[in-house]
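Down below is the structure, laid out as structure tokens.
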Amino acid sequence: MFTQSEENYLKAIFHLQQEVEGGVSTSGLSEKLKTKAASVTEMLKRLAGKKLVDYQKYYGVQLTDKGMQHALLIVRKHRLWEYFLVECLNFNWDEVHEVAEQLEHIRSPKLVEELDLFLGRPQYDPHGDPIPDTNGKLPKSPNKRLSQLQKGERGICKGFNDTSSSFLQFLAKQEIGLGTNLEVLNIESFDESMTVLIDKKEIPLSKTATDNIYVED
């Protein structure tokens, strides 16, 4: 059994490992979890003692196989609950993260399996993030960003790097969601902002926005 705090650390390390090469820094964890660096160091030592992470001072931290297995289970529960809240309880996609943060700590394997079965074993959550299967295997995740498209190219929205409520609310106002067809009409040389065509509407998007939208040709 692990505490909720330990599980939150494992999940945070998992997400940060997807973004960096090598070990995850204590400063990166501190920023993501909004806690003091000294508290992070203390927790990493505890997790290392439980064989969940490999931690070396100044070299960062990485999940062990055991730690990765448990982190994937937490991510699986979180994303299944997000899917359930949106598809079955009529939550908006920008409302589900905090609720799923609470539900992901439920420990019943039977509940998780029955939930997955009830939902039809979805592969992606409402934000396009891949849902690990029962063996911890992740389906293919999109990695091409809208900002990488050239003028005249098209893409289908497949996911988002930023899933904060503010960004998701912004996307909803622009009528951008999973499956939205996007065509790049113009790219400003000054700041790399884009004008894209969506359902015959011209929408201006900043570089920050286009960097956080994943597309598929």
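The values are calculated or read from the model by the stated rules, or taken from the named source; none is laboratory data. The shown structure was predicted, so the numbers you read here are calculated from the model rather than taken from an experiment. Because the Cβ atoms are built from the backbone with ideal geometry, glycine has one as well, and the counts that use them run over all protein chains shown. In case anyone asks, the SASA skips ligands and DNA or RNA and just uses the protein heavy atoms, side chains included. Shrake-Rupley method; radii C 1.70, N 1.55, O 1.52, S 1.80 Å.
Each residue in segment 148-190 was checked for being farther than 17 Å from S206 by Cα, under 25 Å from the mean Cα position of the chain (by Cα) and loosely packed, with under 13 Cβ neighbours inside 10 Å, and 1 pass.
The lone criterion from (1) in contact (Cβ under 8 Å) with a residue 24 or more places away in the chain; (2) surrounded by 13 or more Cβ atoms within 10 Å (Cβ to Cβ) left unmet by D199 is number (2).
For segment 98-108, the candidate set comprises residues that are part of a loop (DSSP other than H, G, I, E, B) and either modelled with pLDDT of 95 or more or over 16 Å from A71 (Cβ atoms) (or both); within that set, the residue that is least open to solvent (accessible area, probe 1.4 Å) is E104. For segment 109-139, the set of residues classified as more than 15 Å from L72 (Cα to Cα) and not in a helix (DSSP H, G or I) consists of L119, G120, R121, P122, P126, H127, G128, listed by residue number. When segment 149-196 is examined, which residues are found to be in contact (Cβ under 8 Å) with a residue 40 or more places away in the chain, assigned to a strand (DSSP E or B) and either touching a Gly at 6+ places or on another chain (Cβ under 6 Å) or of a type in the set (A, V, I, L, M, F, W, C) (or both)? Of everything in segment 149-196, those that are in contact (Cβ under 8 Å) with a residue 40 or more places away in the chain, assigned to a strand (DSSP E or B) and either touching a Gly at 6+ places or on another chain (Cβ under 6 Å) or of a type in the set (A, V, I, L, M, F, W, C) (or both) turn out to be I156, C157, K158, G159, F160, M194, V196. Does E7 satisfy being among the acidic types (D, E) and open to solvent by less than 10 Å² (accessible area, probe 1.4 Å)? In short, yes. Which members of segment 103-139 meet the condition of being within 16 Å of the chain's Cα centre (by Cα) and either small (G, A, S) or over 30 Å from T180 (Cα atoms) (or both)? Within segment 103-139, G128, G136 qualify.
Scanning segment 21-69 for residues that are assigned to a helix (DSSP H, G or I), within 25 Å of L138 (Cβ to Cβ), without any contact (Cβ under 8 Å) to a residue 40 or more places away in the chain and open to solvent by 50 Å² or more (accessible area, probe 1.4 Å) yields E31, K32, L33, D65, K66.
Applying the set (1) over 19 Å from D129 (Cβ atoms); (2) in contact with a strand residue (DSSP E or B) (Cβ under 6 Å, 6 or more places away or on another chain) to E216 leaves exactly one unmet item: (1).
Scanning segment 79-97 for residues that are within 21 Å of K137 (Cβ to Cβ) and in contact with a helix residue (DSSP H, G or I) (Cβ under 7 Å, 6 or more places away or on another chain), we see that the one that is surrounded by the most Cβ atoms within 10 Å (Cβ to Cβ) is E82. Annotation note: Cβ proximity below 8 Å between a residue of segment 85-98 that is more than 16 Å from D162 (Cα to Cα) and without any contact (Cβ under 8 Å) to a residue 12 or more places away in the chain and a residue that is of a type in the set (A, V, I, L, M, F, W, C) and buried (at least 17 other Cβ atoms within 10 Å of the Cβ) (sequence gap 6+ or interchain) occurs for F91/L85.
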